[in-house]
Amino acid sequence: MVTEEFTGALSALANETRVKILRALADADESLSFTELKSRVGVTDPGRFNYHLSELLDQFVRESSEGYALTYRGEGLVVAGGSGVSVGESDLAGETSDCPVCGEADCDRLVHVHLAAGP
């Protein structure tokens with residue numbers, strides 16, 4: 001059974017700008033202001049950027065007086081994704097090694113989802 005929370009999380013991550021926001025926050029040593037984060041992500045339209053940032057708020061990104069930073073869940077997501085995660089064309093095209101997640105030689109999945117029982 002797919003829950004609203006799970007569907008919402010996948011929806012929030014289904015956008016290149018949002019993934020770039022998460023990566024910029026993960027790469028930052030401290031909280032980033034709206035302007036600094038927007039600059040690092042490379043979006044010029046503040047309204048468009050605000051829309052995508054708001055889709056990540058609470059679940060993956062938190063806002064404080066210092067600026068924006070990853071939540072615990074956001075940090076876990078970036079750690080699970082690893083430092084090699086990129087947005088855009090896959091660097092794995094033509095790669096012949098086994099999938100590091102499932103171990104299949106010809107795995108062409110972009111995402112592996114692992115669900116655990118809740119409390």
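Details
- Restricting region 64-80 to residues that are surrounded by 15 or more Cβ atoms within 10 Å (Cβ to Cβ) and either of a type outside the set (Val, Ile, Thr) or modelled with pLDDT under 85 (or both) leaves a set whose member that is farthest from GLU36 (Cα to Cα) is LEU77.
- In region 27-48, residue surrounded by the most Cβ atoms within 10 Å (Cβ to Cβ) [restricted to those that are hydrophobic (A, V, I, L, M, F, W, C) and more than 15 Å from the chain's Cα centre (by Cα)]: LEU32
- Restricting attention to region 24-78, the residues that are hydroxyl-bearing (Ser, Thr, Tyr) and at positive phi add up to 0.
- For region 1-30, filtering for residues that are over 14 Å from LEU56 (Cα atoms) and in contact (Cβ under 8 Å) with a residue 60 or more places away in the chain leaves 0.
The values are calculated or read from the model by the stated rules, or taken from the named source; none is laboratory data. Note that the structure is predicted; figures quoted are calculated from it, not measured. Please note: Cβ atoms are built from the backbone with ideal geometry, for glycine as well, and neighbour counts cover all protein chains shown.
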